[in-house]
Every structure is written in C-alpha cells, then in structure tokens.
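What follows draws every value from the coordinates through simple rules; no lab data is involved. These numbers were taken from a predicted model, which means no experiment stands behind them. Methodologically, a virtual Cβ is constructed for each residue, glycine included, from the backbone with ideal geometry; neighbour enumeration extends over all protein chains shown.
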Amino acid sequence: MSIDHVFVAGAGLMGHGIAQVHAAVGKHVTLYEPDLARAVAGRDRIAGSLDRAVAKGRLAAADRDATLARLTPADSLDGAARADLVIEAVFEDEAVKAALWAALDAVAPAGAIFASNTSSISIDRLAAATSGARRPRFVGMHFFSPVPVMPLVELIRGAATDDATETAIRALSAELGKQVIVSADRPGFIVNRVLMPLLAEAMRAYEEGTGTADDIDTGAKVGLNHPMGPLELADFIGLDVCLGIMRVLHEGLGGPQFEPPQVLVDLVAGGHLGQKTGRGFHTYPR
C-alpha cells in the first residue's frame, strides 16, 4: 500500500514531531487541531526545529523549505478524506481518543490505515469506536519523544489487525528510519510496562526521603549508565502522562509496582507536570 497523504490529529509534543518526520520523507501531511491557532503553533514548532538543524549544518535550507511546504495546518477533519494514513496523537484519555476515532471513521477513505500513538490504552478498545470493516486496518503506532530523534516505533496489533496493515506500518517505519518492535495488545505494551515501575520506584525512593531528586537521578546516570535520571525522565515525559499510564497499568495488571506513588498524584493535582509547566521533581526555567 502506498502512503502519500498523512493526517495527524494532534499538534502537541508528539503530534508535531510525528508530522515533521513524515513531511521530511516526502509525505503530504495535514496537521489537525480543533483550534487552528494550535495547529499553526505546531507547524511553527516544526519550523523552529528545522531552522536549528539548518543552523547546525545538518539540513539544507532547500530541504527545510520543502518539508514545510508539505505541511498544512487545519482545524477541520475534512483533510482526512484524502488520507492514506490517519495518526492520532491526542491526550492519553480513552474517551477523547474514541470520540475522535468515531468522527474520523465517518470521514476517512475505507482503505485508510488508522494508527494510534497511544502509549498504554488498549488498541481493541480504541478500534471499537470504529466500524467493523475498519478494524483490520486499525493498529497502534507508538512513537517516542522527541520523535525526530528517537529511532523506535512500537507496533501494537489489535485482535482484528491484519497482516497487510502490519506490513504497511513496518515499511513506513523503515522509510522514516525507525526500528520496529511488535507488542501484543496488553496494558502499557512493552516499553512502558518496563519503564513505569522503574520511574515509580524512583518516585517512592524520593517520597520516602531515601535521596534527593538530584541524587536519585545521578545514581541512575552514573551508577546504571542511564542517559537521563528517572525523575528527570518523568518530568520530560510529563507527570500527567506518567500518571495516566501508571493508572492503566495498575488497573489492567494489578501489582504494587504499577500503583502510582502519592507524590506523583499530588504533583499532578497541583498542576506541576514537569518541564512543560516549569516544575515537577525538578524546576525548569520558563
């Protein structure tokens, strides 16, 4: 299956990165937000990223201009009517995602592939928002942040996902320069099932006063050779996102290792979500 037109729903941290990598390899991309200003802001973030690459000599100015020319901000779902692939990258909330998928199902061509960037929610539950005929072409395509840099795609097959859909996503991922791993449709899939207990245990160590945030992160970076400490990583991901994933894991799998630590619950309730708000386990310049 040829994928030439991509509709990306969500222009935030993940969505704009997903749009960027597709436009960079020659795809025509519609970047959707219900508020056009947010879609334009997503395109502007892509422009800034490309400008920095040009300034560092990693990208030719002509390639930057060509990539931006293939990006169209939009506040209507109508652009999905010509999409070969629709990628959803909105807030990690099942009801929000399901409502969007139901709306997209009514607009997109029958042969379009639907791919969710969900980091934890069941693909089968999301696919249930679409028609039965659509479900063989519904798949999880989980990117990692920052999307232009991280070389992994987690492909999640639902019960109805067919082989042709997996083949198409594998081929596209290779075109994007991404390595694919395949996960069964289980809570948290592979990466977050492994990662979140690590982050939660670091949070519990902090909560219990075992060490400061700096010492816990330094211990992981120097003692375990991790590129980023667990509390710093949680701040980077977004504490609200971490909390949502941990809740999905705890609800679906049980076990104390998946239970969100109280310090995480309290930080999110206080609006301290990590880097994006300037404060989480660490503080960040605004």
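Each Cα pair under 8 Å and six or more residues apart adds its separation to the average, and for segment 194-277 the resulting relative contact order is 33 percent. Summary value for segment 117-241: 20 percent relative contact order, contacts being C-alpha pairs under 8 angstrom separated by 6+ residues. The charge dipole of the chain, taken about its Cα centre with unit charges on the Cβ atoms of Lys, Arg (+1), Asp and Glu (-1) only, comes to about 660 debye.
A Cα-only calculation for segment 87-159 places Rg and Dmax at 11.9, 36 Å.
Among residues other than Gly15 with Cβ under 15 Å from its Cβ, the summed charge is -1 (Lys and Arg +1, Asp and Glu -1). Counting 0.36 nm for each residue step from Ala133 to Met1 and taking away their Cα separation leaves a gain of 45.8 nm.
Would you mind counting up the charge near Ala110? Only other residues with Cβ under 11 Å from its Cβ, with Lys and Arg at +1 and Asp and Glu at -1.
Charge balance near Ala110 sits at +1.
Coordinate range of the alpha-carbon atoms in segment 194-277 per principal axis, descending: 33, 28, 23 Å.
Axis angle, to the nearest 10 degrees, between helix 13-24 and the longest C-alpha principal axis of the chain: 40 degrees.
Taking 0.36 nm per residue of separation and subtracting the current Cα-Cα distance, fully stretching the chain between Ile190 and Asp124 would add 22.1 nm. Diffusion coefficient (Stokes-Einstein, Kirkwood radius over C-alpha pairs, 20 °C, 1.002 mPa s) for segment 30-184: 130 µm²/s, rounded to a whole number. On the beta carbon distance between Val222 and Ala269, with R0 = 25 Å, the FRET formula returns roughly 0.20. The Cα atoms of the chain cover 55, 46, 32 Å along the three principal axes, with the biggest extent listed first. Summing charges over neighbours of Leu231, with a neighbour being any other residue whose Cβ is under 13 Å away from its Cβ, gives -4 when K and R count +1 and D and E count -1. For segment 132-286, the dipole from Cβ point charges (+1 on Lys and Arg, -1 on Asp and Glu) about the Cα centre works out to 560 debye, to the nearest 20. For the chain, relative contact order (Cα pairs under 8 Å, six or more residues apart, normalised by length) works out to 13 percent. Segment Ala106..Ala55, full-extension length gain: 14.1 nm, with 0.36 nm per residue of separation and the alpha-carbon distance subtracted.
All Cα-Cα distances of segment 1-107, cut into 10 Å bins from zero to the largest, leave 16, 48, 28, 7, 1 percent in each bin in turn.
Show which lysines lie in cross-link reach of Lys56 when reach means a straight Cα distance below 29 angstrom and same-chain residues fewer than eight apart are skipped. Output for Lys56: Lys27, Lys178, Lys221, Lys276. Per-residue packing, averaged as other Cβ atoms within 10 Å, sorts the ranges 176-184, 270-278 into the order 270-278, 176-184, beginning with the highest.
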